[in-house]
Amino acid sequence: MRKFYVTTPIYYANAPPHIGGVYTTLAADVLSRWKRLKGYDVFFLTGLDEHGKKIQETAKQSGKDPKSFLDAIAEKYRLLFRKLGFEYSNFIRTTDSYHEKRVIELLKDLYSKGYIYKGVYEAYYCVGCEQYLKKSDLVDGKCPLHNRTVELRKEEAYLFRLSQFQGELLKVIKSGEFEILPFSRRKEVISFIEQGLSDISISRRKSDVEWGIPLPFDKDHTCYVWIDAFWNYVSGLQEKFSVFWPPDVQFMANDILRVHATIWPALLLAAGLSLPKKLFIHGYFTVDGRKMSKSLGNVVDPFEMVEKYGVDALRYFLMRNIPFGQDGDFSEKGLVERYNNELVNKLGNLVSRVEGLIERNGLERCEVTLLKSLNEEKIERYFENFEFDKVLNEIFRFIDFCNEVIQRSKPWETGDRKILYELKEGILKVAELLWPFIPSSCDEIRKRFSAEKIIKNKPLFKKIS
Ligand SMILES: [Zn+2]
């Protein structure tokens with residue numbers, strides 16, 4: 001059986017789920033469902049990054065020990081992901097013992113090979129980013145992302161010889177062996193690497209960051225974010241590693257592209273593992289045309305959206321309105337418009353008209369020429385390129401066509417049972433192709449149209465006023 005391995009980033013567990021994480025994980029879910037339909041054996045990994053100073057501090061502020069703080073956050077994620085219908089294969093937490101074990105093995109391996117050495121690290125550190133920044137990244141001496149003053153730190157640390165991999169990284173990226181998509185992102189990465197890579201610190205003193213995996217060769221230090229976080233993609237497969245490695249595609253937003261295009265493949269090269277085939281970078285979205293931020297009070301709560309509009313409305317809108325790989329906009333007004341215009345008026349109406357006509361006239365089996373108007377090859381190509389909005393556009397073009405066929409052939413006058421049979425087959429095809437996006441509605445459509453006796457049911461989607 002052909003295999004397919006897709007990952008999302010692991011989300012930093014110092015806060016409840018964010019709409020951005022929902023978006024990435026949804027895309028991975030849609031793709032996984034499509035690949036399963038196509039007969040692939042799929043592994044879909046998502047989860048949480050649970051170590052580091054910020055978690056240590058946030059837990060302390062909320063009066064909890066880190067573990068019970070994290071358990072509560074993980075439960076919120078699982079609950080939301082379940083509500084959204086995400087069928088992941090594993091939800092990894094970097095505090096899971098199987099993960100910690102693999103990280104310790106890696107650290108020992110890299111240390112014994114000389115890729116990790118003790119040195120001094122001096123750089124500008126942003127507590128918000130939980131990482132060192134280059135001088136060129138700073139704006140007025142501040143972290144541009146967090147708008148806070150950075151500290152110049154000099155400390156004893158263990159370093160990973162990232163600089164040693166510069167040439168090889170450029171080679172695998174330029175050759176496409178390690179593909180970065182969309183293409184514009186690849187160009188950015190290449191020019192970033194060509195400016196030169198420095199060795200990176202992979203540890204913190206335990207007195208500074210206690211909540212981390214202790215280095216197996218120096219118990220006074222804990223492993224610092226990147227090695228621990230990246231290795232989830234390896235450890236998360238557990239006993240299925242040999243079947244699924246390497247990832248076929250890894251989805252992420254642009255903020256973590258640089259590290260995923262440098263530190264991550266360098267670690268794999270150092271460990272002697274093959275590289276992921278593709279990284280795909282999706283865009284950010286604004287809310288009502290503005291940047292989402294707490295101070296503007298426009299942070300989208302994914303739980304609230306699901307409660308208010310239902311799972312399929314949210315899934316559909318996120319995949320339809322924001323082209324994957326580009327920036328886009330989220331607005332409740334837009335969501336309601338698309339839901340009413342596309343799901344209610346186009347799909348819902350088609351289903352309900354055909355149900356009613358079949359109930360009154362019945363069906364007569366015949367050759368289904370209607371499906372020739374559906375370009376499945378095109379849909380497949382769009383899926384392969386992660387152009388989910390275009391997939392939906394193509395399917396809805398066919399739904400429009402089916403609605404036109406009803407108008408034109410007037411089966412309510414002619415009682416043409418053959419055209420109703422064709423329409424039924426068309427609708428079942430639509431339910432198959434839309435299933436990765438709106439699974440529960442499609443399951444319902446299939447149930448209705450596979451029934452012994454097809455009758456007019458209640459509307460599939462209720463109009464939102
Ligand atoms: Zn920062």
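The values are calculated or read from the model by the stated rules, or taken from the named source; none is laboratory data. Computed from a predicted structure; not experimentally measured. Note that we place each Cβ from the backbone using ideal geometry, even for glycine, and neighbour counts take in every protein chain shown. For the accessible areas, the whole protein counts, side chains as well, though only heavy atoms, and no ligand, DNA or RNA atoms are used. Shrake-Rupley method; radii C 1.70, N 1.55, O 1.52, S 1.80 Å.
Looking at the range 310-414, the trypsin sites (Lys or Arg not before Pro) that sit in a DSSP loop and have at most 16 other Cβ atoms within 10 Å of their own Cβ are ARG365. Rolling a 1.4 angstrom probe over the protein heavy atoms with all chains in place gives the range 370-465 an accessible area of 52 Å² per residue.
Placing pseudo-labels 7 Å out from each Cα toward the beta carbon at GLU452 and GLU151 gives an inter-label distance of 7.4 nm. Tally the DSSP beta bridges in the chain and give the antiparallel ones as a percent, rounded to 5. The antiparallel fraction comes to roughly 50 percent.
The overall shape of the range 169-300 is oblate: from the C-alpha gyration tensor, with semi-axes ordered a ≥ b ≥ c, the ratio a/c is 1.5 or greater and a/b is no larger than b/c. Highest mean packing comes first when the peptides 198-205, 212-219 are listed by Cβ atoms within 10 Å, giving 198-205, 212-219. Of the solvent-accessible surface of the chain, computed with a 1.4 Å probe and all protein chains present, 48% belongs to carbon and sulfur.
Please work out whether the range 88-202 counts as rounded, prolate or oblate from its C-alpha gyration tensor, where a ≥ b ≥ c are the square roots of the eigenvalues and a/c under 1.5 means rounded, while otherwise a/b larger than b/c means prolate and anything else oblate? Rounded, because the longest to shortest axis ratio a/c is under 1.5. Between the alpha-carbon centres of the range 268-336 and the range 437-465 there is a gap of 27 Å.
In the full protein context, the range 52-159 carries 54 Å² of accessible surface per residue, based on a 1.4 Å probe and ignoring ligands, DNA and RNA.
Note that the range 239-333 presents 40 Å² accessible area per residue, ligands and nucleic acids not counted, probe 1.4 Å.
For the range 245-376, DSSP calls about 10 percent of its internal beta bridges antiparallel. Its Cα gyration tensor gives the chain an equivalent ellipsoid, and the semi-axes of that ellipsoid, as √(5λ) in whole Å with the largest first, are 48, 23, 20. Among beta bridges identified by DSSP and lying wholly in the range 185-328, the antiparallel ones come to about 55 percent. From its DSSP helices (H runs of at least four residues, each -39,500 (n - 2.57)), the chain gives a residue-normalised ellipticity at 222 nm of -14000 deg cm²/dmol. Based on the Cβ-Cβ distance from GLU384 to VAL259, what FRET efficiency comes out when R0 is 25 Å, to the nearest 0.05? Rounded to the nearest 0.05, the efficiency is 0.40. Is the shape of the range 331-449 rounded, prolate or oblate, going by the alpha carbon gyration tensor and its root eigenvalues a ≥ b ≥ c, with a/c under 1.5 for rounded and a/b larger than b/c for prolate? The shape class here is prolate. Accessible surface of ASP327, taken over heavy atoms with a 1.4 Å probe and every protein chain present, rounds to 100 Å². Each Cα pair under 8 Å and six or more residues apart adds its separation to the average, and for the chain the resulting relative contact order is 16 percent. With a Förster radius of 60 Å applied to the beta-carbon distance between PHE241 and SER62, the computed FRET efficiency rounds to 0.95. Remark: relative contact order (the range 331-449) = 33 percent; criterion is Cα-Cα distance under 8 angstrom and separation of 6 or more residues.
Taking the chain as a whole, the Cys residues whose C-beta sits 4.7 Å or farther from every other Cys C-beta are CYS223, CYS366, CYS402, CYS442. The long axis of helix 166-175 is offset from the longest Cα principal axis of the chain by roughly 20 degrees.
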